[in-house]
1. Test B:K38 against the criterion of being farther than 26 Å from A:L73 by Cβ and among the basic types (K, R), and give yes or no.
2. Can you name the residue in the range A:11-47 that is surrounded by fewer than 15 Cβ atoms within 10 Å (Cβ to Cβ) and under 30 Å from A:M217 (Cβ atoms) and, of all such residues, is farthest from the chain's Cα centre (by Cα)?
3. Filter the range A:325-377 down to the residues that are acidic (D, E) and assigned to a helix (DSSP H, G or I), then identify the one that is surrounded by the most Cβ atoms within 10 Å (Cβ to Cβ).
4. Can you tell me which of (1) part of a helix (DSSP H, G or I); (2) touching a Lys or Arg at 6+ places or on another chain (Cβ under 8 Å); (3) within 30 Å of A:V176 (Cα to Cα) is the one A:A555 doesn't meet?
5. Have a look at B:G84, B:G13 and point out the one that is within 12 Å of the chain's Cα centre (by Cα), more than 11 Å from chain A (Cβ to nearest Cβ) and at pLDDT below 90.
6. Inside the range B:6-31, can you point out the residues that are of a type in the set (A, V, I, L, M, F, W, C), in a loop (DSSP other than H, G, I, E, B) and surrounded by 19 or more Cβ atoms within 10 Å (Cβ to Cβ)?
7. Quick check on A:E40: is it in contact with a Leu (Cβ under 8 Å, 6 or more places away or on another chain) and either farther than 24 Å from B:S27 by Cβ or without any contact (Cβ under 8 Å) to a residue 12 or more places away in the chain (or both)?
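The values are calculated or read from the model by the stated rules, or taken from the named source; none is laboratory data. A quick note: this is a predicted structure, and the numbers were derived from the prediction, not measured. Positions of Cβ are backbone-derived with ideal geometry, glycine not excepted, and every protein chain shown enters the neighbour counts.
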Amino acid sequence: MRLSGFAIAPGRVLGKAFVFRRAERQVPFRNIERAAAPQERDRLQTALRAAQTELADLRARLSREAGEAHAYLFDAQILMLQDPLFAGRSLTLIEERLIGAEWALSVVCDELRRLFARASAVIAERSHDLDDVLDRVLALLGGTKGDLVLPAGEKIVLICEDLKPSEAAEIDWSRVGAFVADHGSPTHHMAILARSRALPCVLGVRTATAHVASEAMVLVDGDAGFVDTNPSAETRTDEIPRLTLPRPAEGPALTEDGVEIVLRANIEFPSDIGMVRDAGAMGVGLFRSEYLLSRQGRAPAEDAQLELYRRLALAVAPHPLTVRTFDLGPEDLAPASPSSPNPALGLRAFRLLSRGSDYFRGQIRALLRAADEVPIRILFPFVGGVTEADEILSLVEQLEGELRSSGRAFRRPLLGAMIEIPSAALVAESLGRKFDYLCVGTNDLIQYTLAVDRADPRVGHLYAPFHPAVVRLLDDIVTASRAAEVALSVCGEMAASREGALLLVGLGYRELSMAPSSIRLVREALASSRLVEMEQAVSRVIKSDSLSADSFACALAAIQGAR
Amino acid sequence: MKRKTVRVVNPLGFHARAAARFVAEASRFTSQVTVVFKDKEMDGKSILGLLLLAAPFQASIQLRAEGGDEKEALRALAALVAAGFGEVAKR
């Protein structure tokens, strides 16, 4: 059958379909006691703040991958989260009607959707953004998220009804070979996305999701604007390219003058593990294990964790799987517990050790046991200084004692401290003598050093990875790690940009961990620069008070131009 | 209170990107900012409010600012709208 639509982006491909169907939104209704209203408002406010942080991260990723021009969709959504008509009104409704946060949000969204529909056709389209924001906040309040995990193996033809901006940002587009949607038109954000990624694309097909099943072979013609659901019968397929994944480069990245730089991947979900190998990463430099906390109020079972860590580590062996222990907040321990007034500076991670010891003990025990069989590294987040370091290390020893006396096999893996609080950066040498490695988390280190919340659009422009203070701190950490003779790595978005990676290597970092989708870019950037040039460029700008990504790039270009 | 009437010159009108830019700019000032179009009056720091105005291409809208930096706020916001939110090609 031939299904027609708008020809959005050119190219003809034959490939296996992956049909994305979004889960139905479920909004739980609850009445609450008057006394519980402040707590319910806190709960909503925490979710709204977390949603802003998520969106700021997605925005950064999209602007890196598809260009700044598309990132504005997230600005609009971030502003909606702070809008009195959305956030303010929902918070008021909780108190006025004594209803749960989820229901209050959905009442407000229903009202706004009606108003939008009346305003104009152009504006009515913005209901998508509103729904997107609503789904995100509902998920953070404890609901379920849609599943957009693409199957491993060959590239696929992505077929969906439509794709919200946040969904689009969560997809690993390197696995998508063509893109088809029931809705959409040439000006839709899906069209912009497909063109910017040069993906053959047909939109407005109306019945694609109804007629195509996952795994079926389909032909997408982005020139003529159609999809064939049974291609061999209707078209000569022998001259059409089949989707295959190009083999990624493997092993460490090399600078032009042959210095090895280890590139690892940051992942969030077990389903990301396929991307690690596909991207040519040397294992996982950061597995954010918080997804295991999605069942609020209950620590995940130790044996289930052991099984998960073993499976993930085997998938990337002989390279290591680095697991960051839970970076949790009080709301993870008990859904109703009020969040800190300022979560970034509040009770986080090991600061909750006395209250959440089940969480940490179970996780560390599982990791110690997994390390007996597979290459694992443990990374402790949010270490502020030597006191916390001692606390953590004595907990590890205590758990090893427990495992030993219960006769369970275990092994101590490499233990690392995350350097993301300025205090930790300033005592990095002392920390380096206690741990096996240090890992700089640039996102938080920048935020805390500059006192800038990048999710806040009013100050987000002040979030500057190349701020002289940040770069000098990064430089000091290298000096400290050399004095302590301890391994050093970076995970954080800074490592994922061209200038960021070149600066870090110039400063002396030799191991970078980043989103799998950025590995190719960084590998290429490194291959066309010499170490000595990066070091020279760093020494030229590091004392400069007007240091920026641009000034570093210019210094490097000037040095390279003089070859 | 200061007020100024300006025309929307970008072809898509007061849509999401434009509204997001407007709110970001308005939020730099402490003054209360109001945008009026036809019979609707909305908070200039609320993106949903601005979207609901649904002011199209060529619409004439009134900007109001009230507060310590009302003059600067009005000047900056009027300039932003007149420049088509940076979306109209310069000639």
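1. So B:K38 fits the description; yes.
2. A:E24
3. A:E331
4. The single condition A:A555 does not satisfy is (3).
5. The conditions single out B:G84.
6. If the condition is that a residue be of a type in the set (A, V, I, L, M, F, W, C), in a loop (DSSP other than H, G, I, E, B) and surrounded by 19 or more Cβ atoms within 10 Å (Cβ to Cβ), then B:V8, B:F14, B:F29 are the ones that fit.
7. No, not satisfied.
Yes/no per residue for (1) within 14 Å of another protein chain (Cβ to nearest Cβ); (2) modelled with pLDDT of 90 or more; (3) not in a strand (DSSP E or B):
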site: B:V33; (1), (2), (3): yes, yes, no
site: B:M42; (1), (2), (3): yes, yes, no
site: B:R64; (1), (2), (3): no, yes, no
site: B:K71; (1), (2), (3): no, yes, yes
site: B:R75; (1), (2), (3): no, yes, yes
site: B:A79; (1), (2), (3): no, yes, yes
site: B:A89; (1), (2), (3): no, no, yes
